[in-house]
Amino acid sequence: MAHPTQLGFQDAASPAMEELIGFHDHALMIVFLISTLVLYIIVAMVSTKLTNKFILDSQEIEIVWTVLPAIILILIALPSLRILYLMDEINDPHVTVKAMGHQWYWSYEYTDYENLGFNSYMVPTKDLTPGEFRLLETDHRMVIPKESPIRILVSAEDVLHSWAVPSLGVKMDAVPGRLNQTTFIVSRPGMFYGQCSEICGANHSFMPIVVEAVPLENFEKWSSLMLEDA
């Protein structure tokens, strides 16, 4: 969960997000080193009156400043492609959930069950209980088992939406008439908050997402109760 004045990412709750944070730190360190080198060169050029005639016309330095950026781009591209393919890999999901975006709420359908589905609306501010988060709580949470591969099928009924949970490293566009899919594994129990990340209209900021990860036995109990109520 993000907190005021937070500058970094939320704590990773999935292997994919851990990889993304590691790649972010890797790329940021490269950018920091390049910025430091460029700043040093600018300061040196401005502060000295000496001129080296071999720098003004040198094949060697031209080779260096052509090859070195290419190597840096490779060092960034290879881990980026690795993570991209890892996030796109879907192997034997244990639970499949279809998330449908509406103006302005989400509906969830557990496709492995016959009649397990519900709408998820934001809890109004006046109905919040102590400890709940304004604009982030929902009346029905998307409950999933922890440490299990989860597949999310995302679509929309009216306009563009986007199903995003930052701490899980998940962000998938919900496009009317199109079914997109993504996958994740929640590595620990807890509640993870997200919001629609596509500007979908007047109440765009009032359709939050709450994912609750629980042990498998608790998920089975929850699904049984939901099926009985249906």
Somewhere in segment 5-13, is a residue over 19 Å from the mean Cα position of the chain (by Cα) and of a type outside the set (S, T, N, Q)? no
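Every residue, every condition in (1) out of contact with any His (no Cβ under 6 Å at 6 or more places or on another chain); (2) surrounded by 10 or more Cβ atoms within 10 Å (Cβ to Cβ); (3) free of Cβ contacts under 8 Å to residues at least 40 places away in the same chain, yes or no:
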site: M1; (1), (2), (3): yes, yes, no
site: L7; (1), (2), (3): yes, no, yes
site: L37; (1), (2), (3): yes, yes, yes
site: A44; (1), (2), (3): yes, yes, yes
site: F54; (1), (2), (3): yes, no, yes
site: Q59; (1), (2), (3): yes, no, yes
site: T66; (1), (2), (3): yes, no, yes
Looking at (1) in a helix (DSSP H, G or I); (2) touching a Cys at 6+ places or on another chain (Cβ under 6 Å), can you tell me which one V159 breaks? (1)
Look through segment 9-35, keep the residues that are assigned to a helix (DSSP H, G or I) and charged (D, E, K, R), and return whichever of them is least open to solvent (accessible area, probe 1.4 Å). E19
Given the options S197, S155, name the one that is assigned by the TED database to the domain that holds L135 and at pLDDT below 95. S197
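Residues checked against (1) surrounded by fewer than 18 Cβ atoms within 10 Å (Cβ to Cβ); (2) part of a loop (DSSP other than H, G, I, E, B):
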{"residue": "V143", "(1), (2)": "no, no"}
{"residue": "I150", "(1), (2)": "no, no"}
{"residue": "T182", "(1), (2)": "no, no"}
{"residue": "S187", "(1), (2)": "yes, yes"}
{"residue": "G201", "(1), (2)": "yes, yes"}
{"residue": "S205", "(1), (2)": "yes, no"}
{"residue": "V210", "(1), (2)": "no, no"}
{"residue": "K221", "(1), (2)": "yes, no"}
{"residue": "L227", "(1), (2)": "yes, no"}
Is it true that E114 is more than 27 Å from the chain's Cα centre (by Cα), in a helix (DSSP H, G or I) and of a type in the set (D, E)? no
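The values are calculated or read from the model by the stated rules, or taken from the named source; none is laboratory data. As the structure is a prediction and not an experimental result, all values here were calculated from the model. Positions of Cβ are generated from backbone atoms using ideal geometry, with glycine treated the same way; all protein chains shown enter the neighbour counts. Calculation scope for accessible area: heavy atoms of the full protein, side chains included, ligands and nucleic acids excluded. Shrake-Rupley method; radii C 1.70, N 1.55, O 1.52, S 1.80 Å.
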